[in-house]
Each structure stands twice: as C-alpha cells, then as structure tokens.
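Report on the following structure.
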Amino acid sequence: MDAKQTINKKQFTGTVVKDKMDKTVVVAVPRFVKHPKYQKFYKQTKTIKAHDENNQFKVGDKVTIEETRPISKDKSFTVIA
C-alpha cells in the first residue's frame, strides 16, 4: 500500500450502556433498517465493546467509536470522543 492511500475506518455514534469493566465500555449503536417486504423502518440496536484508556466515560454518555486493530478477543473499537 502506498503512503498516499488512506484506510477508511468505521465510525459509529452511540450511548454507553455499561462501564463496569476496566478500560472498556459497552456502547449501544442504534440504526434504522427498512423491512424488505413491508417497507417500514424499524430500529435495531447492536452493542459493541470499545476501549476507554482513562475510564472517563460513564453510563449515558454519547460517544463516537472508531475501528482499530483487535485489542482483545471481542474488542476492536476505541472511543474517540
């Protein structure tokens, strides 16, 4: 890969739902999906574990998470704001 090419990393915005683990928060990321047959939109929520180095985010905070290298077995995102 050239130095001029950039890698697009996935970014999601969600709400912190758990903060009990050390340096890890669980973020709920909602999205709207259109039903293929009935054409109605409905909300789906996915929970993602994200790395929080300073343990600064608490339950209820709105955060943005970004994809990174795998940090543990099920943690591949880090909190950026």
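Key figures for this structure:
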quantity	calculated
Kirkwood Rh in Å, taken over all unlike Cα pairs in the chain	14.0 Å
Low-density loop cleavage sites - chymotrypsin sites (Phe, Trp or Tyr not before Pro) in segment 21-52, where at most 16 other Cβ are within 10 Å (DSSP)	Tyr38
Part-to-part distance (alpha-carbon centres) for segment 3-41 and segment 43-81, which is given in Å	9 Å
Residues whose placed amide H lies under 5 Å from that of Lys23, excluding near-sequence neighbours	Asn55
For segment 11-79, size of Cβ-based charge dipole, Lys and Arg +1, Asp and Glu -1, in debye	520 debye
Longest site-free stretch - the chain; sites: trypsin sites (Lys or Arg not before Pro), DSSP loop, at most 16 other Cβ within 10 Å	41-57
Cβ-based charge dipole, the chain, positive-most Cα from Ile71, Gln44, Asn55	Gln44
Of Lys37/Lys75; Lys23/Lys62; Lys10/Lys34; Lys23/Lys46; Lys34/Lys75, pairs whose Cα-Cα distance is over 24 Å	Lys37/Lys75; Lys34/Lys75
Within segment 49-69: backbone nitrogen closer than 20 Å to the Thr6 label point (7 Å, Cα to C-beta)	64-69
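Readers should treat all values here as calculations from the given coordinates under stated rules, not as data from a laboratory. Only a predicted model underlies this, so the values are computations on that prediction, with no experimental measurement involved. As a convention, Cβ positions derive from the backbone with ideal geometry for all residues, glycine included, and neighbour counts pool all protein chains shown.
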